[in-house]
Each structure stands twice: as structure tokens, then as C-alpha cells.
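S.K.: Submitted below is the structure of interest, expressed as C-alpha cells.
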Amino acid sequence: MLWYRLKKGQDLKMEVAKPAKQVKIYTDGACLGNPGPGGYGVVLLHGTLRKELSGGFRLTTNNRMELMGAIVSLQSLKTACEVTLFTDSQYVVNAMSKGWARRWRQQGWMRNKKEKAVNPDLWEVLLNLCECHRVTFVWVRGHAGDPENERCDELSKEAASARGLPPDKGYLP
């Protein structure tokens, strides 16, 4: 805790915030058919620590799985972090970096006066999570040899291929 003297007899107490943990996250989504069975894969990196996550749904879309990778990864963080999130989804990167998703929410989940935004349930969750963390979204070219992106691709395809997948309750065909 720091104390600053403003004027004679007045003190100002300021909390010094701990620097946020810096975490690198790689995500990917896959769909076997679109729509079809889908999965997401996540690799989280913090220092020497590594964590992999994956999951899937029996009927969903590729874009929903790209969003789920980002959501699940941020939900797994126990404290507020400074995150660099790498994804091969321009859909996710552009919507978050260019402010499209925030605008859609402000406009009642409309992209424009005639078109509804797709996947508002997932965008709402992702936007809320980004208020808890400082997230920078970075696009990486898929299938271009980035080892962590390739691993996420493997995880997402394995998850999409699993038996007994649950329904994606937010997906409306």
C-alpha cells in the first residue's frame, strides 16, 4: 500500500495492483460437416505450465465451436489475466478486435437493420469474459505449421469425433 501526502494533514491511500498473470491461449474449432458434430480444442500456456482442454457437441457449427474454444479457455482462468488469445478464426478475431460483437449487442443483437447477429448466446458470454480479463485476439493462419494451433486442431477434431456428445442447446438449425 502506498501513501501520498496531498496537503498538510491530508493523506491519500492507493492500492498497488499486482501485475496480471500473462497467459497465452491457442484455440480452434472443428465441425464434421457444417452443421454436424463439432468440437473445440484449447492450449493454455503460462510460464512452464501447460493445460489442454477440449469438448464437443453432437450438432453444431464450426463458428460456434470457434467461439466455444475462446469461452472455455477464458472460463478456465481462476484470476484476472492478461491474455493473448491466438485463433485461426477471422470470425472471432474481427468481431472482437473491430468491435462488431459489442455493436451487435448494443443494437439488440442485430448486425444491421435487417439481419440478426448469429450466435448471440455465445457472443454475450465471450464479451462478459473479456470484461474480466485483458484479452488481445491474434489471428494465426490455420494448418500453417504453428505447433500449438495444430495441437488445438487435433483436440477439436478428436472431440468432434467422440461418441455420446451432448446437444448444443444454443444451436438452432
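S.K.: Count charges around residue 38 for me, please; just the other residues with Cβ under 14 Å from its Cβ, Lys/Arg as +1, Asp/Glu as -1.
M.R.: -1
S.K.: Direction-averaged shadow area of the convex hull around the Cα atoms of segment 69-173, nm²?
M.R.: One quarter of the hull surface, i.e. the mean projection, equals 8.0 nm².
S.K.: Summing -39500 (n - 2.57) over the DSSP H runs of n ≥ 4 in the chain and dividing by its residue number, what mean residue ellipticity at 222 nm do you reach, to the nearest 500 deg cm²/dmol?
M.R.: Calculated from helices alone, the mean residue ellipticity at 222 nm is -10000 deg cm²/dmol.
S.K.: While we're looking at this one, here's another question. Across 5 Å bins from the origin, how do the percents of Cα pairs in segment 91-153 run, short distances first?
M.R.: 4, 16, 23, 19, 17, 12, 7, 3, 0
S.K.: Next question. Kindly put 65, 96 in sequence by how many other C-beta atoms sit within 10 Å of each C-beta, fewest to most.
M.R.: Result, fewest neighbours first: 96, 65.
S.K.: So, in nm, how far is label residue 144 from label residue 161 when the simple model puts each one 7 Å beyond its Cα toward the Cβ?
M.R.: Once both label points are built, they end up 2.6 nm from each other.
S.K.: For residue 169 and residue 34, what is the calculated FRET efficiency with R₀ set at 22 Å and r taken between the beta-carbons, to the nearest 0.05?
M.R.: For R0 = 22 Å, the calculated efficiency reads 0.75.
S.K.: Counting only DSSP beta bridges with both residues in the chain, tell me the antiparallel percent, nearest 5.
M.R.: Just about 65 percent of them are antiparallel.
S.K.: Sequence neighbours fewer than 8 away in the same chain don't count; with that in mind, list the aspartates and glutamates whose C-alpha is under 14 Å from residue 21.
M.R.: Counting by Cα, and skipping residues close in sequence, residue 21 has these aspartates and glutamates nearby: 82.
S.K.: Here's a follow-up. For the pair residue 21/residue 109, report the inter-label distance in nm, with labels modelled 7 Å from Cα in the Cβ direction.
M.R.: 3.2 nm
S.K.: I would also like to ask the following. Specify which residue in the list 34, 61, 47 is farthest towards the positive end of the charge dipole of the chain, using unit charges on the beta carbon of Lys, Arg (+1) and Asp, Glu (-1), about the Cα centre.
M.R.: 47
S.K.: If you place +1 on the Cβ of every Lys and Arg and -1 on the Cβ of every Asp and Glu, how big does the dipole about the Cα centre of segment 39-88 come out, in debye to the nearest 20?
M.R.: Dipole about the Cα centre, nearest 20: 200 debye.
S.K.: Further, regarding this structure: On C-alpha positions alone, give me the angle between the axis of helix 120-132 and the longest principal axis of the chain, in degrees, nearest 10.
M.R.: Once rounded, one gets 30 degrees.
S.K.: Set Lys and Arg Cβ to +1 and Asp and Glu Cβ to -1, take the dipole of the chain about its Cα centre, and tell me which of 22, 155, 132 lies farthest positive.
M.R.: Positive-end residue among those listed: 132.
S.K.: Still on this structure, please answer the following. Taking the Cα centre of the chain as the origin, how large is its charge dipole in debye, to the nearest 20, when only Lys and Arg (+1) and Asp and Glu (-1) carry charge on their Cβ atoms?
M.R.: Once rounded to the nearest 20, the dipole reads 900 debye.
Every read-out reported here was derived from the displayed coordinates using simple, explicitly stated rules and does not represent laboratory data. Keep in mind that what you see is a predicted model, and the values were worked out from it rather than measured. Methodologically, a virtual Cβ is constructed for each residue, glycine included, from the backbone with ideal geometry; neighbour enumeration extends over all protein chains shown.
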